[in-house]
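The values are calculated or read from the model by the stated rules, or taken from the named source; none is laboratory data. In this text the structure is predicted, and so the values were computed from the model without any measurement. Cβ coordinates were reconstructed from backbone atoms using ideal geometry, including for glycine residues, and neighbour counts include every protein chain displayed. We work out accessible area using only protein heavy atoms, side chains counted, and drop any ligands, DNA or RNA first. Shrake-Rupley method; radii C 1.70, N 1.55, O 1.52, S 1.80 Å.
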Amino acid sequence: VAVASVVAAIAAAMAASYTPSKDERMAKIDMAIASAATFVAMQCVEAAEAMGDERDHLASVVSSAVNVSSHDDTTTLTATAATTTALRGAATLKSRALKEMMCYIFAQTYQHG
């Protein structure tokens, strides 16, 4: 969810940066980045839904991210996403280590007992 909010904010910022006075090449690059970021945000939202997040919550998060108005807000969203991802990764590693330890203890007990 946090990653989706960051990517949605990037997509919105890139789309908002379009101005008719930009040269055509830069305008195309901005729109391509906005389109790619929108696609990534949609994929993140679908993954979050598949993991059990509610659509209303996701819509609220993405809506808030799209309305980000400052560089500081984007930095905060990015830091939140990084922290959330790191904490989730650490919990996964801890769970795997615990599972492996339990298997090892069981195997040792079974061999000696």
Result row for the chain, helices from DSSP H with C-alpha axial extent 18 Å or more and mean Kyte hydropathy at least -0.5, is 2-16, 24-50, 71-112
Nothing charged except the Cβ atoms of Lys and Arg (+1) and of Asp and Glu (-1): what's the magnitude of the dipole of the chain about its Cα centre? Round to the nearest 20 debye. 400
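Viscosity 1.306 mPa s, temperature 10 °C: what is the translational diffusion coefficient of the chain from Stokes-Einstein with a Kirkwood Rh over Cα pairs, rounded to a whole number of µm²/s? All intermediate terms of the calculation are to be shown ahead of the outcome.
Numbers: Rh = 16.6 Å.
Translational D for this selection: 96 µm²/s.
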Could you work out the relative contact order of the chain? I mean the mean sequence separation of Cα pairs under 8 Å and 6+ apart, divided by the number of residues, in percent. 38
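What number comes out for accessible area per residue over the chain if the probe is 1.4 Å? Units Å², please.
72
Counting other C-beta atoms within 10 Å, and keeping those with at most 16, which DSSP coil GluC sites (Glu not before Pro) do you find in the stretch 8-110? List each step's numbers first, then the result.
Values: sites: 24, 46, 49, 54, 100; in loops: 54.
Filter output for the stretch 8-110: 54.
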Length gained when the stretch residue 39-residue 79 is fully extended (0.36 nm per residue, less Cα-Cα span): 12.3 nm
Quick calc: nm separation of the 7 Å Cα→Cβ label points for residue 64 and residue 32 -> 3.4
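If I compute solvent accessible area with a 1.4 Å probe over the protein chains, what percent of it on the chain is carbon and sulfur?
Details: 5220 of 8160 Å².
Roughly 64 percent of what the probe reaches on the chain is carbon or sulfur.
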